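Asker: My questions will all concern the structure given below.
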Protein chains: 2
Amino acid sequence: MARDYGWELSTAVVLFHEAVARRLGLNAAEHKALGVILRGGPMPIGALAPELGVGATALTGIVDRLEKAGYVLRQPDPADRRRTLLVADPTKTPDLGGIFADLGRAMGEFQSRYDEQEMAVITDYLDNTIRVLRAQVAKLTQTDPGRA
Amino acid sequence: MARDYGWELSTAVVLFHEAVARRLGLNAAEHKALGVILRGGPMPIGALAPELGVGATALTGIVDRLEKAGYVLRQPDPADRRRTLLVADPTKTPDLGGIFADLGRAMGEFQSRYDEQEMAVITDYLDNTIRVLRAQVAKLTQTDPGRA
DNA sequence: CTGGATAGTCCACTCTAGTGGAATATCTGG
DNA sequence: CCAGATATTCCACTAGAGTGGACTATCCAG
């Protein structure tokens, strides 16, 4: 068998995620939560529950730790005073902005060598790969025998 | 900002890993261990410690669970009777072979549409991406402030 | 053959992160 | 205004997974 790019990429991605989390001092749940907040913008705490697959009561602790570490801030929602909005803390964001800027720079370095047509092939490939992976996740989750 | 393929792919990969592990009834450490064994072939138990980043004493439990679930077998090492070799259990492997066969089939479905030159571009891209990710992991791990 | 190193295991302990239930504050439909 | 629903938090508890230390069996250098 030649090089298994799928396996290698997959492993590299997972290790990268773990390395980032470790670097930030976050566990898997916290890291995932932070990612959701960074991508999704300010959102009520409860919105994290389905994303993380944990109960609502666990969120208090997760958010506590994220806040204590300085990555997010709790802000009362003016529109609904029961809610607490989570916003990424801009004063701490550079820390992890730096990580991804570094990654982006390194990626851009070789990406710039592809012409437009080549990039089209690559994005097509990535698009399809993402689609397939998501479909597999859906399938695996669907037929999940549960956590016995 | 257009679609962020890097983020989407990365997320999809991580979710896929998690879904597989959940499907197999394994936690992160066990899943990783199984991956190492499947890729690396029979190996003494102790060889897993550096891979997983856990102490030697934790391995007994991890291997116990993997063995109980039927994914690996303990076999005495004839060359060194202190050692116990871990081998993937071929009778159970189909379970997860099925998962990856399914993935491989789905990937092959669209991959077959690329011609040789296009595949060369794609593998070049993947190769570079893997290289960059590994470099970033090394960098992050190096400057790791430790788990305070 | 012997003394020290190595592989694996067992044990008691600890730490983390989750759960369910209850409390509080707030919103919303009638 | 009131009754029920919703968002978050607090609390006591539990389950899991790792640690360090000690033990056994085995290997190997001298």
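The values are calculated or read from the model by the stated rules, or taken from the named source; none is laboratory data. Since we're looking at a predicted model, the values are computed, not measured. A quick note on method: Cβ atoms are made from the backbone with ideal geometry, for glycine too, and the neighbour counts reach across all protein chains shown. The protein model used for the area step is the full one, side chains on, heavy atoms only, and it has no ligands, DNA or RNA in it. Shrake-Rupley method; radii C 1.70, N 1.55, O 1.52, S 1.80 Å.
Asker: Quote the total accessible area buried by chains B and A together, excluding ligands, DNA and RNA, probe 1.4 Å, nearest 100 Å². Spell out each step's value before the answer.
Answerer: Details: alone 11100 and 11110 Å², together 16610 Å².
Chains B and A together bury approximately 5600 Å².
Asker: Please list, ordered by chain and number, the residues whose modelled amide H lies under 5 Å from the amide H of residue A:85; skip anything fewer than 5 residues away on the same chain.
Answerer: Residues meeting the criterion, in which the H sits 1.01 Å from N, are A:75, A:77.
Asker: For chain A, compute Rg over Rh where Rg is the Cα radius of gyration and Rh is the Kirkwood radius from the inverse mean 1/r over Cα pairs.
Answerer: Values: Rg = 18.5 Å, Rh = 18.1 Å.
Rounded to two decimals, Rg/Rh equals 1.03.
Asker: Could you tell me the relative contact order of segment A:1-122? Use alpha-carbon pairs under 8 Å, at least six residues apart, and round to a whole percent.
Answerer: Values: 86 pairs, mean separation 24.7, N = 122.
After rounding, I find 20 percent.
Asker: Oh, and also: Once each part is reduced to its C-alpha centroid, what is the distance from segment A:24-84 to segment B:74-123 in angstrom?
Answerer: 37 Å
Asker: With θ set to phi - 60°, apply the Karplus curve 6.51 cos²θ - 1.76 cosθ + 1.60 along segment B:33-45 and write out the HN-Hα couplings as whole Hz, x wherever there is a Gly or Pro.
Answerer: 4, 4, x, 4, 5, 4, 7, x, x, x, 8, x, 3
Asker: Accessible area per residue for the protein assembly as shown in Å², computed with a 1.4 Å probe and the full protein assembly in place, what is it? Mind showing how you got there, number by number?
Answerer: Details: 16610 Å² over 296 residues.
The answer is 56 Å² per residue.
Asker: Hey, if you put +1 on the Cβ of every Lys and Arg and -1 on every Asp and Glu Cβ in the protein assembly as shown, which of A:130, B:6, A:46 ends up farthest toward the positive end of that dipole?
Answerer: A:46
Asker: Per residue of B:109-115, how many C-beta atoms from partner chains lie within 10 Å of its own C-beta, taken as a mean? If you can, show how the numbers build up before the last one.
Answerer: Numbers: counts 2, 7, 4, 0, 3, 4, 1.
So the per-residue partner count for this stretch is 3.
Asker: Suppose every K and R has +1 on its Cβ and every D and E has -1 on its Cβ; what is the size of the dipole of segment A:5-112 about the Cα centre, in Debye to the nearest 20?
Answerer: 320 debye
Asker: Okay, next question. Collect residues whose amide H, placed 1.01 Å from N in the peptide plane, falls under 5 Å from the amide H of residue B:72; neighbours closer than 5 in sequence don't count.
Answerer: Amide H neighbours of residue B:72: B:67, B:89.
Asker: Looking at the protein assembly as shown, send over the antiparallel percent of its DSSP beta bridges, to the nearest 5. Display every interim value, and only then the final one.
Answerer: Details: 14 of 14 bridges.
For the protein assembly as shown, the DSSP antiparallel bridge percentage is about 100.
Asker: Out of the total accessible area of the protein assembly as shown (probe 1.4 Å, heavy atoms of protein only), what percent is carbon and sulfur?
Answerer: Details: 9210 of 16610 Å².
It is 55 percent, rounded to a whole number.
Asker: Read phi for every residue in segment B:106-116 and hand back ³J(HN,Hα) as whole Hz from Karplus 6.51 cos²θ - 1.76 cosθ + 1.60, θ = phi - 60°, with x for Gly and Pro.
Answerer: Per-residue couplings from phi come out as 5, 5, x, 4, 8, 5, 5, 7, 8, 7, 4 Hz.
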